[in-house]
Amino acid sequence: MSRPYDLILVGGGLANGLIALRLRQCQPHLNLLVIEAAPHPGGNHTWSFHQDDLTEAQHAWVAPLVAHRWQGYDVRFPHLTRTLPGGYLSVTSERFATVLTQQLGGQLLTGTAIAGLTPTEVQLENGQTLRAGAVIDGRGYQPGPHLAVGFQAFLGQQWQLARPHGLVRPILMDATVDQQNGYRFVYTLPLTADTLLIEDTHYLDHSELSAGQARQNIADYAAAQGWALQSLQREEQGNLPITLAGHPAAFWQQRQGQPCAGLRAGLFHPTTGYSLPQAVALADLIAAQPALLAGPLFTLIHRYAAQQWQRQRFFRLLNRMLFLAGRPTQRWQVMQRFYGLGEGLIARFYAGRLTPADMARILTGKPPVPVGEALKAVLKHTPRLRAF
């Protein structure tokens with residue numbers, strides 16, 4: 001345990017797990033170590049993404065992690081119901097943990113808490129110090145003063161039903177439900193003919209979600225759909241940050257040269273909170289480096305994150321309109337209007353690759369929120385954002 005490693009990844013979640021897997025594929029000679037505090041890597045999550053979010057080459061190396069895939073998905077709003085084309089895929093934490101454990105073997109250390117870390121050292125709670133050419137911190141989102149965010153807060157339950165549900169594809173958003181003081185929708189994945197993952201999802205100004213209310217919402221929704229819930233298999237809860245504004249230079253200065261990945265590095269889709277596509281891209285980038293040393297690795301990740309921040313400027317503008325303009329119970333109108341746009345535009349939106357024409361199309365026409373409030377949100381003329 002005292003010998004030096006080429007790379008230590010602190011946190012066995014999605015981002016660090018993908019980095020470790022890609023390095024095992026591209027540079028198997030490296031002496032890696034993934035440290036996870038929990039008994040197994042991956043936590044208790046379901047990570048989903050669209051087919052167009054990844055390149056063909058990325059799909060090829062991520063494929064062993066994919067537990068479910070479908071063709072097309074549905075969205076439902078008070079005045080719009082639509083089926084959209086394209087593949088939709090999910091990685092379960094169970095599959096993720098299985099693959100990571102098989103591929104890493106002794107390079108995965110679970111049930112191990114750390115006391116601290118630096119760019120080149122990890123201090124374990126048992127007093128040991130591990131050294132490496134670089135240490136990557138991938139322990140999840142860390143709130144701070146340099147990002148203004150809202151949250152996509154959700155509670156999901158995986159249910160075995162008493163009889164088949166009849167769904168052939170996911171329902172990514174059913175916003176026909178009671179909005180409950182903010183934008184709310186139910187997200188449903190048909191895992192098998194009689195198994196569903198049902199998530200009660202809210203776009204909130206804070207990260208708090210009543211678990212009891214969410215469980216009741218799921219039960220009520222299932223009853224309304226005619227689904228006979230029989231046995232609860234698992235439950236997951238999370239809060240995905242939705243970026244409104246920020247000071248990226250100060251954000252990275254606060255990292256003090258510490259390489260980081262995933263949500264810890266602010267690498268996620270600013271509107272959906274989905275992090276898998278950017279985690280895959282970062283894993284490819286790191287695996288292509290001939291040497292993994294803390295200083296160059298920090299610079300590499302910082303530059304990649306800065307590029308993503310610039311590309312996401314328009315998304316942050318849309319987020320401000322969603323969170324800060326108009327009444328919270330009417331936010332669904334913004335999303336309903338968006339899902340009435342072209343299929344290609346919607347696919348590029350999820351992939352984070354909007355064209356100038358796409359941006360113009362999104363903003364064309366009468367806005368679904370009050371114009372004055374929309375302008376204040378766009379220009380950051382609100383008390384919450386004046387510091388940015």
What FRET efficiency comes out for Ala211 versus Ala37 if R0 is 25 angstrom and r is the Cβ-Cβ distance? Round to the nearest 0.05.
0.65
Only residues of the stretch 70-90 count here: report those whose backbone N is under 18 Å from the spot 7 Å along Cα→Cβ of Glu343, or say none.
70-76, 81-89
For the stretch 242-261 and the stretch 187-208, write down the distance between their C-alpha centroids in whole Å.
29 Å
Descending accessible area (1.4 Å probe), largest on the left, turns Met359, Met335 into Met359, Met335
J(HN,Hα) series, the stretch 325-339, from Karplus relation 6.51 cos²θ - 1.76 cosθ + 1.60, nearest Hz, glycine and proline x
10, x, 6, x, 6, 9, 4, 4, 5, 4, 6, 4, 4, 4, 6
Find how much the distance from Arg163 to Asn44 grows on full extension, using 0.36 nm per residue of separation minus their present alpha carbon separation; answer in nm with one decimal.
40.3 nm
Integer Hz, Karplus 6.51/-1.76/1.60 couplings in order for the stretch 260-274, x for Gly and Pro:
9, 9, x, 4, 4, 9, x, 9, 7, 5, x, 9, 9, x, 5
From a point 7 Å beyond the Cα of Ala224 in the direction of its Cβ, which residues of the stretch 177-196 have a backbone N at a distance under 15 Å?
177-188
Accessible area per residue in Å² at 1.4 Å probe, computed on the chain
42 Å²
If amide H atoms are modeled at 1.01 Å from N in the peptide plane, then the residues at a separation of 5 or more from Thr110, or on another chain, having amide H under 5 Å from its own are Glu36
For the chain, longest principal axis from Cα atoms; helix 14-26 axis from its Cα atoms; angle between them, nearest 10 degrees, is 50 degrees
Roughly how many percent of the accessible protein surface of the stretch 147-242 is carbon and sulfur, given a 1.4 Å probe and a whole-percent answer?
46 percent
Would you kindly find the accessible area of Arg353, with a 1.4 Å probe and non-protein molecules such as ligands, DNA and RNA excluded, rounding to the nearest 10 Å²?
110 Å²
Once ligands and nucleic acids are excluded and a 1.4 Å probe is used, how much of His206 is accessible, expressed in Å² to the nearest 10?
90 Å²
Interchain or sequence-distant (5+) residues whose placed amide H lies within less than 5 Å of the amide H of Arg234 are Gln158
Probe radius 1.4 Å, ligands and nucleic acids ignored: give me the carbon and sulfur share of the accessible area of the stretch 19-126 as a rounded percent.
50 percent
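The values are calculated or read from the model by the stated rules, or taken from the named source; none is laboratory data. This one's a predicted model, so the numbers in the text were calculated from it and none came from an experiment. Glycine also receives a Cβ, built like all others from the backbone with ideal geometry; neighbour counts cover every protein chain displayed. Ligands, DNA and RNA are excluded from the accessible area calculation, which covers all protein heavy atoms including side chains. Shrake-Rupley method; radii C 1.70, N 1.55, O 1.52, S 1.80 Å.
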